[in-house]
Amino acid sequence: EKNQIGSLSSSQKQSQQQQKKKKSTTTTTTTAYDVDNKKLAVLCGVLATGIMGIIPAHLMRSVGGGFDNESVAITAMMLTFYFWVRSLRGGEKYSYLFGILTGFSYFYMVATWGGYVFVLNMIGLHAALLVAFGRFTTKVYLSYTLFYAIGTVLAIQIPVVGLTPLKSLEQVGCFVIFAAYQLLFVCEQIIQKKKLSRTNSWKLRFRIFSIALVIAIVIMTLFLPKNYFGPISSRIRGLFVKHTKTGNPLVDSVAE
């Protein structure tokens, strides 16, 4: 009878674990389904399911109730990327409100796994490229501002993280982009209000950003001697040192 009870409880545990796996994988892959082009929605969903359900590297990192942080972090990562892209969707006046959900998803990612640095920098890089390609709009500004403000305020509440988002050289770039967005928005508001010409608009931007650069240099001069900014993490430094096992830093370290 004891053996029967033991086997029953074991089978129940396996069943519960399988249900967790299905829920986690489903949550992760459905974020790829809702895209602008509805004709590609099914294809994107099927391909995402295939990637998450077949490739071992993804499968082991998307299992609810697994042994490591990555087991739930991939879902958080996908949700953050999804809500960020969703907040930029055209044709919807209030889609920028998804930036709020992006911030909360980012907080979920920070609380789960140290790989949140990758998520933060990818979104920051995308936001910078939107400006470079002339795609800066009020919607883009609100989306990134809501994401970064909410996400950072929540992230620093985690004891392990603390003020790292504002002190780490790997993350401070996104803060610079955040500050630049505020300046760009002010410039655009002045340009629209005064109806400045193209030449005068660029003069205004140059003047405001020059003042901001001078202030930033003064602040850096004050904080650098006090070691306010932390060094580059060992994960990144590991990419540039000699490795003895295979010679490949992406294989010998967790920098991948």
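Each value in this text was obtained by applying a stated rule to the coordinates, not by laboratory testing. Small disclaimer: the values here were computed from a predicted structure and weren't measured. So basically every Cβ, Gly included, is an ideal-geometry build from the backbone, and we count neighbours across all protein chains shown.
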*Take the alpha carbon atoms of the stretch 92-152, find their center, do the same for the stretch 185-233, and report the distance between the two centers in whole angstrom.*
20 Å
*Mind checking the full-extension length gain between PHE133 and PHE185? Use 0.36 nm per residue of separation minus the Cα-Cα distance, one decimal, nm.*
17.1 nm
*When every alpha-carbon pair in the stretch 85-149 is counted, what percent end up more than 20 Å apart?*
25 percent
*Go through 74-83, 195-204 and give me the packing order, highest mean Cβ count within 10 Å leading.*
74-83, 195-204
*Just in the stretch 69-109: which trypsin sites (Lys or Arg not before Pro) are loop by DSSP and have at most 12 other Cβ atoms within 10 Å?*
LYS93
*the stretch 102-177: chymotrypsin sites (Phe, Trp or Tyr not before Pro) falling in loop per DSSP and having at most 14 other Cβ within 10 Å*: PHE133
_Residues of the stretch 133-177 with the amide nitrogen closer than 13 Å to a label point 7 Å from the Cα of PHE223, along Cα-to-Cβ, please._
163-177
